[in-house]
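Note sheet for the following structure.
The values are calculated or read from the model by the stated rules, or taken from the named source; none is laboratory data. Owing to the predicted nature of the structure, the values given are computational and were not obtained by experimental measurement. With ideal geometry, Cβ positions are generated from the backbone for all residues, glycine too; neighbour counts draw on all protein chains shown.
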Amino acid sequence: MSNDIRIKKGLDIKLKGEAEKTVEQAVISNYCTIRPEDFHGVTPKLVAKEGTTVKAGSTLFYDKSHEAVKFSSPVSGKVIEVVRGPKRRIDAIKIEADKPQSYEDYGKFNLDSATAETVKTHLLASGCWPFIRQRPYDVIANPDKSPKAIFISGYASAPLAADLDFTLQGKESELQAAVNALGKLTEGKVHVSVGKNASSPMAGLSGVTLHKVFGPHPSGNVGTLINKIDPVNKGEVVWTVSPQDLVIIGELLLTGKFNAERILALVGSSVKNPRYFKTLIGSEVATIIYDKGVDKDGNDRIISGNVLSGKQVAPDGNLDYYSNVISVIPEGDDYEFFGWNKPVFNKVSTSRALTFSWLNPKKKYDLNTNTNGEHRAFVTTGTYEEVFPLDIYPMQILKACMYQDLDEMEALGMYEVAPEDFALTEFVCVSKQPHQKIIRQGLDLMLKEIG
Amino acid sequence: MSLKNKLHNFKVKNKDKKWLPAFSALHTFLFLPNETTHGGTHIKVADDLKRTMNTVIMAMIPCLIFGMFNAGYQHHLALGEIQAVTSGFFSPEFWTLSNFMVGFWKILPLVIVSYGVGLGIEFIFAIIKGHEVEEGYLVTGMLVPLIVPVDIPLWMLAVAVIFGVVIGKEVFGGTGMNILNPALTIRAFLFFAYPTWMSGDKVWIHGAVERDQLIASGQNLDAISGETILGGLAQGKEIAYSLWDMFLGFIPGSVGETSTLLIILGGLFLIFTKIGSWRIMLSSVIGAIVMGLIFNQVTASGWITESSKFYGLMSAPFWEHLVIGGFAFGTVFMATDPVTASQTNKGKWIYGFLIGFVSIMIRVFNPAYPEGVMLAILLMNVFAPTIDHYVVQGNVKKRMKRLKAKVA
């Protein structure tokens, strides 16, 4: 049987501002900020109090409900501030970075003699565990459960995504070490997908099941991969890891160092010279975006992540824990005269209702953050299905989430999905419904009620 | 200060006022709002509900304009003032200013009443419930004048619109929540409340009812009348119109339903723009053809003879059903309403097929009121959620099976 995965339903949103393939060392960030909100569902218990000195790889906090899951500092330095919100919730941990960095030494890990238990303990202790995520619920993997398979998507199809074939270059040994270790944690297979042109460093990995994916976005989403290969059933768990995180895991196993290095793409139509940077998790975005990048006083939106699922960050904000791309696009907070009925040539649309993006499928667009209309009830049908390749009824599952019918959510396939799987349906939604938020709230409800 | 800024400042200043949705509804007609994305996707497609609805209205405009000409043409023709068309679609007898002006002054008030009353109710409900005015009525408001007889009294239309919008839509929660197509609810209300105005041989031609009243009051005039093709067939009469007339639309009937040609063009436009569902349109035509063929077979094998009251419509060739009456209009513009139709792609096939099938069945078996498509669509509106339920269950079952296979 062929391992190829072909999808037809989907949509490649072509945007201006793709990164040029050069890597630049980013200015070293003076401060590193970790926000527990990046780890959905985690209640942090602080270990490194204000004033503590930490090394790169030292534990900052752990998860209250799974105490073994520790979160490490990407830099060495001093914890200068713990920002708290209502009810003393930890909003951010700010670390002033040392100039020469020092690393916690977790020791070289001997994979040959390792068992599942020792691999797990090692990853948990070193703070690499949060890189492993699970479905159902799209949260950090529960270390007490064993996954039926592990999925890694080595192909990024999202708009303006960092090209993994480029960013992973030269990281073959780290990737191999990481998948070897992960392979011990599951009785099933480790599934890896690569793009159809397979010049990916991932293509040469051994001990994995390799899949080539064809088709438009979301062909590179790990959710699509899972749905097409081995969908999650009730009671089952699968794990997912993104390739850039595999590199960090691999380096830890090989050298004992927790090196939170990211090859990051700075993209978007507001960026003058979009290109790649080498930086660290939690770095200030200001260290990257202004040099040959965006205008200081420009009216732009800075997004940590891609334009479909990333988080908006302030200009003095920081890179989040998982992303490998920063997108900057113009804000769209302006009115447009008769914008709802005049012919549209400069925006993307899946319809042809006086929208003309179908005339020129290769054209790259400069989209802003305007919603192009107001929030409405669900009216049109069939538009979501055109961009949604999973074997799930998207509108029906969204409605089930909205009226919180747990049985129906379960029956319609809620265990299989993550919010990012609904990014495209949200993008094309004529009623401007917040699909990803609806799914996230639905998953949270299920996690709370069913667990 | 520009208009844009003035309106913006006005909106900001009054953002807590209860009546703001009414202002916003007008404001957003002038300007695409300045709203930006928050969380979720940071970019959005160009389409919104206004654009979608506007596309449907554009598809109906040719029918409306043709309807205006046709109202005048039928009127003048019945009075014997002009000759019947002879040279196809662009016949000079049809496209005259005098024809147009008769229809224009009859139909424009229908459009104004439909929109005025309907949107008025939408505004009131939006303000009471504190949400934005949704665009659903934009299409309904255009559909309504197209599916009523030209001489219908305006107060009747207003009452029906109030009923249709309040009972057909708002009680369910407004646009997107209704079970029945509001335009058809309005028409069904008219049909059951004022049947003399919705059927027979007087209402389809402007002036016919008035003329009858004059005759009744003792004036010496010739009565004028004009039946729809369906009415004629139902009574087993000879049809005076050529098939070509029927297809092009030079026949009596509701305002916008007569020109199959323009309806097909509108349908193709909706399919091309991906706003209307080609699945529903195609399957509905297939359903009508199947039912028509069955009836043709029945008459061909002699099970029903000419003495039967069903014979006239049953023996009409199956393809003729597609061009007469409101079938084409209903299929293209009403069956495809996404809110009340089936919402799954598989469901749309079943839903459309049954609409076509049932339409023709009602036509044949209900000679008193041979327009079956309205009732067929309303009936299938009610069944659409059931159809969807079984389609979605198919997906659920697949998931259950997968789980069982794992456990076993």
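The residues listed here are A:Lys78, A:Lys120; of these, the one that is without any contact (Cβ under 8 Å) to a residue 40 or more places away in the chain and basic (Lys, Arg) is A:Lys78. Among the residues of region A:161-182, is any on the phi > 0 side of the Ramachandran plot, surrounded by 23 or more Cβ atoms within 10 Å (Cβ to Cβ) and out of contact with any Phe, Trp or Tyr (no Cβ under 7 Å at 6 or more places or on another chain)? Looking through region A:161-182, none of the residues is on the phi > 0 side of the Ramachandran plot, surrounded by 23 or more Cβ atoms within 10 Å (Cβ to Cβ) and out of contact with any Phe, Trp or Tyr (no Cβ under 7 Å at 6 or more places or on another chain). Would you call B:Gly80 in a loop (DSSP other than H, G, I, E, B), at the interface with chain A (Cβ under 7 Å from one of its Cβ atoms) and either over 19 Å from the mean Cα position of the chain (by Cα) or among the polar types (S, T, N, Q) (or both)? Against the criterion (in a loop (DSSP other than H, G, I, E, B), at the interface with chain A (Cβ under 7 Å from one of its Cβ atoms) and either over 19 Å from the mean Cα position of the chain (by Cα) or among the polar types (S, T, N, Q) (or both)), B:Gly80 does not qualify. Residues that are of a type in the set (Phe, Trp, Tyr) and touching a Leu at 6+ places or on another chain (Cβ under 9 Å) within region B:28-45 comprise just one, B:Phe31. Screening B:Ile57, B:Ile61, B:Ile65 for residues that are away from chain A (no Cβ under 14 Å) and either among the β-branched types (Val, Ile, Thr) or on the phi > 0 side of the Ramachandran plot (or both) leaves exactly one candidate, B:Ile65. If you check B:Ile186 against the conditions, is it away from chain A (no Cβ under 14 Å), surrounded by 21 or more Cβ atoms within 10 Å (Cβ to Cβ) and under 16 Å from the mean Cα position of the chain (by Cα)? So B:Ile186 passes the test. For region B:160-183, a residue qualifies if it is part of a helix (DSSP H, G or I) and more than 14 Å from chain A (Cβ to nearest Cβ), and the qualifying residues are B:Ala160, B:Val161, B:Ile162, B:Phe163, B:Gly164, B:Val165, B:Val166, B:Ile167, B:Gly168, B:Val171, B:Ala183. Selection of helices (runs of 4 or more DSSP H) fully inside region A:327-446 by the criterion of at least 1 residues being buried (at least 24 other Cβ atoms within 10 Å of the Cβ), among the basic types (Lys, Arg) and not assigned by TED's automatic domain parsing to the domain that holds A:Ser157 returns nothing. With respect to the conditions (1) at pLDDT below 90; (2) touching a Lys or Arg at 6+ places or on another chain (Cβ under 7 Å), B:Ala408 falls short on a single one, namely (2).
For region B:333-358, the set of residues classified as within 16 Å of B:Val56 (Cα to Cα) and not in a helix (DSSP H, G or I) consists of B:Ala335, B:Thr336, B:Asp337, B:Pro338, B:Val339, B:Thr340, B:Ala341, listed by residue number.
Here is a yes/no grid of residues against (1) more than 9 Å from chain B (Cβ to nearest Cβ); (2) aromatic (Phe, Trp, Tyr); (3) in contact with a helix residue (DSSP H, G or I) (Cβ under 7 Å, 6 or more places away or on another chain):
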{"site": "A:Asp297", "(1), (2), (3)": "yes, no, no"}
{"site": "A:Gln312", "(1), (2), (3)": "no, no, no"}
{"site": "A:Leu319", "(1), (2), (3)": "yes, no, no"}
{"site": "A:Glu331", "(1), (2), (3)": "no, no, no"}
{"site": "A:Phe345", "(1), (2), (3)": "yes, yes, no"}
{"site": "A:Lys362", "(1), (2), (3)": "yes, no, no"}
{"site": "A:Asn368", "(1), (2), (3)": "no, no, no"}
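One line per residue, one yes/no per condition, for (1) more than 7 Å from every other protein chain (Cβ to nearest Cβ); (2) in a helix (DSSP H, G or I); (3) at positive phi; (4) modelled with pLDDT of 85 or more:
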{"site": "B:Lys4", "(1), (2), (3), (4)": "no, yes, no, no"}
{"site": "B:Val12", "(1), (2), (3), (4)": "yes, yes, no, no"}
{"site": "B:Asp16", "(1), (2), (3), (4)": "yes, no, no, no"}
{"site": "B:Pro21", "(1), (2), (3), (4)": "yes, yes, no, no"}
{"site": "B:Leu26", "(1), (2), (3), (4)": "yes, yes, no, no"}
{"site": "B:His38", "(1), (2), (3), (4)": "yes, no, no, yes"}
{"site": "B:Thr41", "(1), (2), (3), (4)": "no, no, no, yes"}
{"site": "B:Lys50", "(1), (2), (3), (4)": "no, yes, no, yes"}
{"site": "B:Met53", "(1), (2), (3), (4)": "yes, yes, no, yes"}
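In region A:229-250, which residues are within 20 Å of the chain's Cα centre (by Cα) and not in a loop (DSSP other than H, G, I, E, B)? Answer for region A:229-250, where residues must be within 20 Å of the chain's Cα centre (by Cα) and not in a loop (DSSP other than H, G, I, E, B): A:Val238, A:Trp239, A:Thr240, A:Pro243, A:Gln244, A:Asp245, A:Leu246, A:Val247, A:Ile248, A:Ile249, A:Gly250.
When the residues of region A:393-431 are filtered to those that are among the β-branched types (Val, Ile, Thr) and at the interface with chain B (Cβ under 7 Å from one of its Cβ atoms), which remaining residue is nearest to B:Val339 (Cα to Cα)? Out of the qualifying residues, it is A:Val430. So is A:Ile281 of a type in the set (A, V, I, L, M), touching a Gly at 6+ places or on another chain (Cβ under 9 Å), within 30 Å of A:Ser58 (Cβ to Cβ) and not assigned by TED's automatic domain parsing to the domain that holds A:Val190 or not? No; evaluated as a whole, the condition is false for this residue. Within region A:77-86, is there a residue that is on the phi > 0 side of the Ramachandran plot, part of a strand (DSSP E or B) and either in contact with a Cys (Cβ under 9 Å, 6 or more places away or on another chain) or of a type in the set (Ser, Thr, Tyr) (or both)? Checked against the condition, which is being on the phi > 0 side of the Ramachandran plot, part of a strand (DSSP E or B) and either in contact with a Cys (Cβ under 9 Å, 6 or more places away or on another chain) or of a type in the set (Ser, Thr, Tyr) (or both), region A:77-86 yields at least one hit. For region A:225-239, the criterion of being crowded, with 23+ Cβ neighbours inside 10 Å and within 20 Å of A:Ala314 (Cβ to Cβ) is satisfied by no residue at all. In this structure, B:Leu265 qualifies as closer than 29 Å to B:Gln74 by Cα, in a helix (DSSP H, G or I) and in contact (Cβ under 8 Å) with a residue 12 or more places away in the chain.
How about region A:301-310: which of its residues are part of a strand (DSSP E or B) and within 7 Å of chain B (Cβ to nearest Cβ)? Within region A:301-310, A:Arg301, A:Ile303 meet the criteria.
Are any of the residues in region B:114-132 under 19 Å from the mean Cα position of the chain (by Cα), farther than 23 Å from B:Ile263 by Cα and touching a residue at least 24 places away in the same chain (Cβ under 8 Å)? Yes, region B:114-132 has at least one match. Taking into account only those residues within region A:191-204 that are surrounded by fewer than 22 Cβ atoms within 10 Å (Cβ to Cβ) and among the aliphatic types (A, V, I, L, M), which is modelled with the lowest pLDDT? Among them, the one singled out is A:Ala198. The residue pairs whose first member lies in region B:377-390 and is free of Cβ contacts under 8 Å to residues at least 40 places away in the same chain and within 19 Å of B:Ser359 (Cβ to Cβ), whose second member is assigned to a helix (DSSP H, G or I) and aromatic (Phe, Trp, Tyr), and whose beta carbons are closer than 9 Å, counting only pairs six or more residues apart or on different chains, are B:Phe383/B:Tyr351.
Restricting to helices (runs of 4 or more DSSP H) lying wholly in region A:91-197: which have 1 or more residues that are among the basic types (Lys, Arg)?
Details: elements: A:116-126, A:164-167, A:172-183.
Passing ranges, in order: A:116-126.
Residue by residue, here is whether (1) closer than 25 Å to B:Val209 by Cα; (2) in contact with a Gly (Cβ under 9 Å, 6 or more places away or on another chain); (3) among the acidic types (Asp, Glu) holds:
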site: B:Lys129; (1), (2), (3): no, yes, no
site: B:Glu132; (1), (2), (3): no, no, yes
site: B:Leu146; (1), (2), (3): yes, yes, no
site: B:Ile152; (1), (2), (3): yes, no, no
site: B:Val161; (1), (2), (3): yes, yes, no
site: B:Gly168; (1), (2), (3): no, no, no
site: B:Leu184; (1), (2), (3): yes, yes, no
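Taking residues in region A:353-381 that are free of Cβ contacts under 8 Å to residues at least 24 places away in the same chain and at negative phi, and partners anywhere that are in a loop (DSSP other than H, G, I, E, B) and among the hydroxyl-bearing types (Ser, Thr, Tyr), the pairs with Cβ atoms closer than 7 Å and at least 6 places apart or on different chains are A:Ala353/B:Thr273; A:Thr355/A:Ser349; A:Ser357/A:Ser349.
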